[in-house]
Amino acid sequence: MSKDHHYKTTIQWTGNKGTGTSNYRSYERSHTVSIENKAIIEASSDPAFRGDKTKHNPEDLFLSSLSSCHMLWYLHFCSEAGIIVTDYTDNATGIMEETTNGSGHFREVTLNPTVIITEESMIEKAKELHHKANEFCFIANSVNFPVKHIPLVLVKSI
């Protein structure tokens, strides 16, 4: 039996410099992302599209969503498998292709997680669980391009 989960966000444009969108250069791409009971995210477009480089952009947030969804499933499956993870860092990368008409799409994302576990005998299982996490990740299941994984699993006793 499937269950629906509903999400709600408010995007508020904050980039009106007084003349609205009277021309392409007359306004900022700044906006806020607000979700009830959570910190406000200051956002903009990518600097390549006249955005503020000091703020998060939709592409950053999209890549972060894929990476964090994968991590959360991965930690869940490690916990179930008896693998003790003590640290997890992912330096994810994505390639977005801009088309000749100015639109675009992500072509691929590569997750590069470095995972620290406590037992050397669990290294292979820890690597395998990245595939399972990808199969279960809600965000990865919602995209139409490959999400690759290049995990590094290291051992450090606690």
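Each Lys and Arg contributes +1 and each Asp and Glu -1, all at the Cβ; summed about the Cα centre of segment 10-49, the dipole is approximately 140 debye.
Evaluated over the chain, the count of Lys pairs having alpha-carbon atoms less than 23 Å apart is 12 (only pairs 8 or more residues apart or interchain). Label separation (SER103 vs THR118): 5.1 nm, computed from points 7 Å beyond Cα along the C-beta direction. Summed over qualifying helices (DSSP H, 4 residues or more, each -39500 (n - 2.57)) and divided by its residue number, the chain shows a 222 nm mean residue ellipticity of -8000 deg cm²/dmol.
Under the rule a/c < 1.5 gives rounded, and otherwise a/b versus b/c splits prolate from oblate, where does segment 10-49 land using the Cα gyration tensor? Oblate, since a/c reaches 1.5 and b/c is not below a/b. Against the set (1) 155; (2) 180; (3) 165, the structure's computed volume of the Cα convex hull per residue in Å³ falls on (3).
Out of the DSSP beta bridges found with both residues in the chain, what percent are antiparallel (nearest 5)?
70
The amide H of MET96, built 1.01 Å from its N in the peptide plane, has ARG107 as neighbours under 5 Å, considering only residues 5 or more places off or on other chains. In plain terms, the residue of ARG25, ARG107, ARG50 with the fewest other Cβ atoms within 10 Å comes first and the most crowded comes last, giving ARG25, ARG107, ARG50.
With a cut-off of 17 Å on the backbone N, the residues of segment 35-59 near the modelled label site 7 Å out from TRP13 along Cα-Cβ are 43-46, 49-52, 58. Between ASP4 and ILE95, what is the FRET efficiency for a Förster distance of 30 Å, r being their Cβ-Cβ separation, to the nearest 0.05? That pair, ASP4 with ILE95, gives E of 0.40. Between ASN23 and ALA81, the distance separating the two model label sites (each 7 Å from Cα on the Cα→Cβ line) works out to 5.8 nm. In a reduced charge model with +1 at each Lys and Arg Cβ and -1 at each Asp and Glu Cβ, the chain shows a dipole moment near 480 debye about its Cα centre. Note on PHE136 and LYS156: their simple-model spin labels are 2.5 nm apart, each label 7 Å out from Cα toward Cβ.
Every number here is computed from the coordinates shown, using simple stated rules; none is lab data. Since the structure is predicted, the reported quantities are computational estimates derived from the model, not experimental observations. Neighbour counts are summed over all protein chains in view; Cβ atoms, including those assigned to glycine, are modelled from backbone coordinates with ideal geometry.
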